[in-house]
Amino acid sequence: MNQRDIIAAAMGARFLDGNDPSIRLRCPICGQPITPSTSVWHCTSEPAHEYAEMDGVPLLLHSERSVFRAEDFHARPRTTFKDPPAWAARLGRLLPSPSRDVSSEECRLQLARLLAARPAGRRRVLVIGCGDGSAGYGVMAEVEGTQWLETDVSLAGRARIVCDASDLPFEDGQFDLVICVAVLEHVLEPQRCVDEMHRVLVDDGLVYATTPFMQQVHMGEYDFTRFTRSGHRWLFRAFDEVGSGVATGPASVLVWSVEYFLMAWTGSVGLRRVIKGLTRLLFGWMTLLDPLLARRVPANDAAGGFFFIGRRAAGPTLSAREMLGYYRGADALK
Ligand SMILES: [Zn+2]
């Protein structure tokens, strides 16, 4: 059967609000249920932990453990996003971007098939780090009966709940798929976040994550860590692997490296913007090579980042020793 035929023709996706009664919320601090409200949300503890909301979006953050505070959002609702001036953003959209995810279309198709294969009513998706939604969900959002809850640590447009992946404000076992694209490099404790994803997924729930391996610092103070393909697999060791591979290729790394090599000479915002534009103009085309490179084994040693699609397991699916056999780079060809 044609892959696209499997996917329901009807646009059945429904995007949920944070106060949707079908979502069971829990306090990120004490774990007690949270009652949605029209102003201050609070948990059922005595005394209750209280959570402010902005524009109808609750800020369900652990006040001690998270790097974010509710007051950050009053000062700067977009928190992690560093918005360039409008002209620079327009120009940036015209220039070839070095950030080409060569795997995303195939991953979305695979996930759409996996979602469509689940019984109706078991197609609920949690998006961690939805951003402004510009990347879209492609064919995944065309699967009939999918319900989507979009979250972020930025009020960047689409988030219906502000929460930190380190302490997800959801009761256990509620989601069928967790999407976490380009997020884990921005958290202090990636393993804790993956454990949280595991907790809120149903028993056979799915996870889709992409995380950089060789990419320079982006989002400034909100950038903490990187993973090899093996390191990324180990993070998700409580999942069976459905698929994994190169997300951004060696050419992306090369273009970023030229850009950041030149930008390392100057802190001038204007000059750095010029360097960025020129590098993209002159070298951005090179990322056209990445789809050719991505499936080559040595590319695993040189990639910009990796994707992982997994199915939740009850416990670890591979041992520390087995990780040596998992390695997929050039040395594995010897
Ligand atoms: Zn509480």
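Values in this text are rule-based calculations from the coordinates and carry no lab data. What you see is a predicted model; the values in this text were computed from it and never measured. All Cβ positions, glycine included, derive from the backbone under ideal geometry; neighbour counts span all protein chains shown.
Scanning the range 67-122 for residues that are among the acidic types (Asp, Glu) and loosely packed, with under 11 Cβ neighbours inside 10 Å, we see that the one that is farthest from residue 304 (Cα to Cα) is 71.
Within the range 21-46, the residues that satisfy the criterion of being among the charged types (D, E, K, R) and within 14 Å of the ligand (Cβ to nearest atom) are 26, 46.
Could you please give the count of residues in the range 47-61 that are surrounded by fewer than 18 Cβ atoms within 10 Å (Cβ to Cβ), of a type in the set (A, V, I, L, M) and within 16 Å of the ligand (Cβ to nearest atom)? Steps first, please.
First, the residues of the range 47-61 that are surrounded by fewer than 18 Cβ atoms within 10 Å (Cβ to Cβ): 47-48, 50, 52, 54-56.
Still in the running and of a type in the set (A, V, I, L, M): 48, 52, 54.
Next, only the ones that are within 16 Å of the ligand (Cβ to nearest atom) stay: 48, 52.
Summing the residues that are surrounded by fewer than 18 Cβ atoms within 10 Å (Cβ to Cβ), of a type in the set (A, V, I, L, M) and within 16 Å of the ligand (Cβ to nearest atom) in the range 47-61 gives 2.
Annotation note: Cβ proximity below 9 Å between a residue of the range 30-42 that is over 19 Å from residue 64 (Cβ atoms) and a residue that is within 9 Å of the ligand (Cβ to nearest atom) and of a type in the set (Lys, Arg) (sequence gap 6+ or interchain) occurs for 33/26.
In this structure, does residue 64 turn out to be acidic (Asp, Glu) and surrounded by 15 or more Cβ atoms within 10 Å (Cβ to Cβ)?
no
Residue 319 falls short on exactly one of the conditions (1) loosely packed, with under 13 Cβ neighbours inside 10 Å; (2) among the polar types (S, T, N, Q); (3) touching a strand residue (DSSP E or B) at 6+ places or on another chain (Cβ under 7 Å), and that condition is (3). Here the helices (runs of 4 or more DSSP H) wholly within the range 56-158 that include at least 1 residues being touching a helix residue (DSSP H, G or I) at 6+ places or on another chain (Cβ under 8 Å) and free of Cβ contacts under 8 Å to residues at least 40 places away in the same chain are 104-116. Failed condition for residue 66, given (1) over 19 Å from residue 156 (Cβ atoms); (2) within 16 Å of the ligand (Cβ to nearest atom), with all others met? Status for residue 66: all satisfied but (1).
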